[in-house]
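For reference, the structure discussed in these notes is given below.
The values are calculated or read from the model by the stated rules, or taken from the named source; none is laboratory data. Just so we're clear, the structure is a prediction, and the values are computed from it rather than from any experiment. Ideal geometry is used to build each Cβ from the backbone, glycine not excepted, and the neighbour counts take in all protein chains shown. Heavy atoms of the whole protein, side chains included, go into the accessibility calculation; ligands, DNA and RNA do not. Shrake-Rupley method; radii C 1.70, N 1.55, O 1.52, S 1.80 Å.
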Amino acid sequence: MNKLNQTIESYLNEHWQEYIDDLKELAQIPAPSHHEEQRAEWCKAYLERHGAQGVYIDKALNVVFPYHAQDSKQLLVVNAHTDVVFPDLQPLPLREENGRLCAPGVGDDTANVIAVLHMAVMAMKLGLKPKNGILFVLNSCEEGLGNLKGSRQIMEDYKGRIARWLAVDCGYEEVINSAVGSKRYEITVETEGGHSFSNFGNRNAIRYMANMIETFYSLKVPEYGITTYNVGLIEGGTSVNTIAQKCKMLYEYRSSDIRSIEYMDKFFESVLELYRSMGITVTVEKVGDRPCMAQGVDCSEFTAQIVEAAKLHGIEMCVGSGSTDCNIPLSMGIPATCFGIYLGHGAHTREEYIEIESTKTGLRILAQVLMEYMG
């Protein structure tokens, strides 16, 4: 692998300030999962304004730009997700200070969305033709209860044609090449409830929910891979003088090994049956299901390319596991990796920021990787 040629270096230098300006604009557009319409339209218009043809928004709110992809059955997907974890529907606050851009979602994943857009435009402007086709995708629903809706749609629409998947997410200190699977549930407990004085002794849904949580947390995690569990939200009751009739929670478990997911499945079902046997009503809705990677998927070559590209630009990347858009292709046996183009802190908090200068290095690493797939 040779370092970027002068044409690519010059292009990145000349257009870096444009990258920052675009990032500032997009970072202020709200995009909760399932409501990415504004960002999708912005991304589509951006590509078309720079000469892209055939760009479309699919039913999952993915923005898709097939680049020399019409006849290819060995497509490379290069994606970044447009949604952020925040529910805001009003413009997101942005400020610049001490060499940082600060905004909710500015790094995860807005900086990477703009990077993918700029790579697509660079390929067009410089007349770069891929060895096989590329799908540049700005996809929906990667975060939280989005449940990877966008990447699932891409895999469905291009079934049998995708050979590799590069998710541009997170920063450039780590390349993720292993999928952490997860199951997410909304659990509701219902009892007769009543008045806190006149019906004292009736069963309280909050009490049973609290006991159920304690039961979940009594589990020693299985030994395969890394496994975790969490209750992330609990709500219920009516007033201080009411015995609660209903209480619900959001519960998840996740693991990097399918055997541990299967173990957690069995434990989860046993807890539900235990509480149902007490005569209370327990209902469950699955709100998220992210698969682990299939056995035998070999991402070593893809990972080595990325690690080597980073080294050429002075970065020692570590290799790890995560829950990203790569989960879907990896679960279907397709090599997939993930890394981002910035250094920053505070992802999934309103205090998130990125180091502005770091994006110069990140963009070069991303361009270096993509050059391996150009003719």
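Brief remarks on what is shown
- Annotation: per residue accessible area for the stretch 242-375 equals 42 Å², rounded to a whole number [probe 1.4 Å, protein chains only].
- Solvent-accessible surface (1.4 angstrom probe) belonging to Met293, in square angstrom, nearest 10: 50
- Carbon plus sulfur fraction of accessible area for the stretch 309-372, probe 1.4 Å, in percent: 52
- Maximal additional length on extending the Asp21-Arg259 stretch stands at 81.1 nm, based on 0.36 nm per residue less the C-alpha distance.
- The chain: calculated mean residue ellipticity at 222 nm from DSSP helix runs of at least 4, using -39500 (n - 2.57): -10500 deg cm²/dmol
- Shape parameters for the chain, alpha-carbon atoms, Rg then Dmax in Å: 23.1, 82
- Rule-of-thumb Rg ratio for the stretch 26-103 [Cα; 2.2 N^0.38 Å; N residues]: 1.30
- Solvent-accessible area of Tyr217 with every protein chain in place, 1.4 Å probe, in Å² to the nearest 10: 100
- Each listed q (0.10, 0.19, 0.20 Å⁻¹) maps to a log10 I(q)/I(0) for the stretch 84-236, found by the Debye formula over equal Cα scatterers with no solvent: -0.64, -1.34, -1.40.
- With a 1.4 Å probe rolled over the protein heavy atoms of all chains, the accessible area of Arg276, Arg184, Arg95 falls in the order Arg95, Arg276, Arg184, largest first.
- Considering only Arg164, Arg364, Arg203, the mean-square fluctuation computed in a Gaussian network model of the chain, springs between alpha carbons under 10 angstrom, is largest for Arg203.
- By a 1.4 Å probe calculation restricted to protein chains, His348 has an accessible surface near 100 Å², given to the nearest 10.
- Separation of alpha-carbon centers, the stretch 15-80 and the stretch 172-222, rounded to whole Å: 38
- Most mobile listed residue (Thr303, Thr110, Thr191) in the chain, GNM with C-alpha springs under 10 Å: Thr191
- As a length-normalised measure over Cα pairs under 8 Å and 6 or more apart, the relative contact order of the chain settles at 23 percent.
- Taking the protein heavy atoms of the stretch 166-218 in the context of the full set of protein chains, the accessible area attributed to carbon and sulfur is 50 percent at 1.4 Å.
- Heavy-atom surface analysis with a 1.4 Å probe gives the stretch 1-137 a carbon and sulfur content of 45 percent of its accessible area.
- Tyr56 paired with Glu192, simple spin-label distance in nm, labels 7 Å along Cα-to-beta-carbon: 5.9
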